[in-house]
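Below is one structure, written out as structure tokens; comments come after it.
The values are calculated or read from the model by the stated rules, or taken from the named source; none is laboratory data. From a predicted model like this one, the values you see are computed outputs, not experimental measurements. When we count neighbours, we look across all protein chains shown, and the Cβ atoms used for this are built from the backbone with ideal geometry, even at glycine. Keep in mind that these areas ignore ligands, DNA and RNA; they rest on the heavy atoms of the full protein, side chains included. Shrake-Rupley method; radii C 1.70, N 1.55, O 1.52, S 1.80 Å.
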Amino acid sequence: MSGTLRVAMIGHGFMGAAHSQGWRTAQRVFDLPVETEMAVIVGRNAEGVADAAAKWGWAESATDWREVIARDDIDLVDIVTPGDSHAEIAIAALEAGKHVLCEKPLANTVAEAEAMADAAARAAARGIRAMVGFTYRRVPAVTFLRDLIAQGAVGRIAQVRASYRQDWLVDPDMPLGWRLQKEHAGSGALGDIGAHAIDLAQFVTGMQLERVSGVVDTIVKQRPLQGAGSGLSGTAAEGFGEVSVDDIAIFTGRFAGGVLGSFEATRFATGRKNALSIEVSGDKGALAFDLEDLNSLRFYDRTAPNQLQGFTKILVTEPEHPYVAAWWPAGHTLGYEHGFSHQVKDLVEAIDAGIDPHPSFAEGLQVQRVLAAVEQSSERDSGWVGVGERTLAHTA
């Protein structure tokens with residue numbers, strides 16, 4: 001393509017700030033094949049979204065996403081709204097001929113994710129591209145870990161351990177926000193952060209989960225209602241409401257080929273602020289990553305002499321490492337926000353090259369099926385559930 005890629009972002013808040021950073025920075029750091037323009041940001045509250053536009057660098061603001069999608073001067077729609085609106089917005093944008101970037105998880109149900117993947121497949125036949133925002137794939141250390149595994153650094157994979165642990169809900173007085181309401185969020189820790197652990201495990205190993213067995217639980221079942229107008233439900237400031245999503249999910253999974261994995265997603269890991277971690281063990285070695293130390297990997301080389309064995313820390317800060325050469329001199333570290341710039345880079349390059357970016361909506365659908373299977377296993381209390389089984393109405 002040629003000219004300028006004009007972007008509309010639907011939604012704002014935490015992810016709006018992160019995605020804005022990506023759009024604002026990527027074209028200044030990387031030699032992108034086309035320019036990007038932060039054309040318009042959309043939110044329900046006119047004053048609030050106007051403030052966000054001014055703060056984050058969007059040219060204008062709007063309150064009607066349907067009108068924005070219909071505009072001829074918009075080329076790409078970036079969706080950072082709660083999950084209950086992903087399907088409607090993404091499908092409308094794709095049918096209108098807009099490229100789409102959609103935050104994870106792809107949707108709130110498998111049926112919604114299937115409809116989105118179908119819409120993306122139809123759009124791809126017309127040259128329209130769609131991608132899911134599993135941004136942690138683009139932390140340089142994670143991409144490098146994937147590359148090392150593909151090169152045989154750990155040998156034949158024997159076991160995978162992945163977890164995402166936070167502690168922001170340990171306080172029972174934390175208000176009942178939209179992330180704790182199933183009608184808006186779809187699920188709790190499982191979908192919000194567990195989806196990242198699932199995608200990370202499948203991405204770095206190149207293997208898909210086929211069966212899962214697990215349990216989800218809600219530790220604090222009632223929370224104070226948010227003030228009027230501050231939450232999506234518009235509740236009053238007094239009283240308590242039911243938490244309708246999970247606080248913690250623990251499950252095992254079997255990958256294609258028989259490899260076992262263990263997974264944990266929790267918002268009750270006291271002291272853990274943003275601990276997304278993965279460890280892949282093989283017959284020749286092991287690799288480990290923790291987001292709370294995101295500029296490094298731990299590598300164990302089982303083929304080394306006994307007196308030299310032990311986990312070695314690799315600093316992923318050199319120009320030879322993925323994405324790093326565009327940033328600072330060797331040894332200078334990157335942060336959380338850089339992954340969003342890398343996401344923009346990869347998406348824009350794929351659009352320009354006329355190829356499907358990754359993770360695709362089909363990959364997002366596969367993660368959605370894993371989430372649904374974990375919920376089914378917990379509800380059945382009966383062990384293994386095949387990924388893709390659809391026996392419960394709320395996940396169908």
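Of Lys221/Lys313; Lys98/Lys182; Lys55/Lys104, which pairs sit farther than 32 Å apart, going by alpha carbon to alpha carbon?
Lys221/Lys313
Computed on the range 4-136, with alpha-carbon pairs under 8 angstrom and 6+ residues apart, the relative contact order is 22 percent. Taking 0.36 nm per residue of separation and subtracting the current Cα-Cα distance, fully stretching the chain between Asp64 and Ala150 would add 26.5 nm. In plain terms, the chain from Arg44 to Ala125 could stretch by 25.9 nm, reckoned as 0.36 nm per residue minus the Cα-Cα distance.
Ignoring ligands, DNA and RNA, what percent of the accessible area of the range 4-136 is carbon or sulfur (1.4 Å)?
Values: 2340 of 5040 Å².
So the carbon and sulfur contribution to the accessible surface is 46 percent.
For the range 1-115, what does the convex hull of the Cα positions come to per residue, in cubic angstrom? Walk me through the numbers on the way to the answer.
Details: hull volume 11.8 nm³, N = 115.
Per residue, the Cα convex hull of the range 1-115 comes to 103 Å³.
Taking amide H positions as modeled 1.01 Å from N, with prolines and chain starts lacking one, the residues under 5 Å from Ile248 and 5 or more places away or on another chain are Ala189, Asp217, Ile219.
Dipole of the chain computed with +1 at Lys/Arg Cβ and -1 at Asp/Glu Cβ about the Cα centre; of Leu315, Pro357, Val243, farthest Cα towards the positive end is Leu315.
The mean sequence separation of alpha-carbon pairs under 8 Å and at least six residues apart, normalised by the residue count of the chain, gives a relative contact order of 20 percent.
If you look at the Cα atoms of the chain, you get an Rg and a Dmax of 21.0, 67 Å. The trypsin sites (Lys or Arg not before Pro) of the range 260-318 meeting both criteria, a DSSP state outside H, G, I, E and B (loop) and at most 15 other C-beta atoms within 10 angstrom of the site's C-beta, are Lys273, Lys284, Arg302.
Phi-derived couplings, Karplus 6.51 cos²θ - 1.76 cosθ + 1.60 at θ = phi - 60°, listed residue by residue for the range 146-156: 4, 5, 4, 5, 5, 7, x, 4, 9, x, 6 Hz, with x used for Gly and Pro. For the range 117-263, the relative contact order works out to 27 percent when only alpha carbon pairs closer than 8 Å and six or more residues apart are counted.
In straight-distance terms, cross-link reach from Lys345 covers every one of the aspartates and glutamates whose alpha-carbon lies under 18 Å from its own, apart from those fewer than eight places away in the same chain; here that gives Asp31, Glu35, Glu37, Asp75, Asp78, Glu103, Glu320, Glu337, Asp356. Counted residue by residue at 0.36 nm each, then reduced by the alpha carbon distance between them, the extension gain from His332 to Leu315 reaches 5.1 nm.
Inter-part distance, the range 35-63 to the range 108-130, computed on C-alpha centroids, equals 26 Å.
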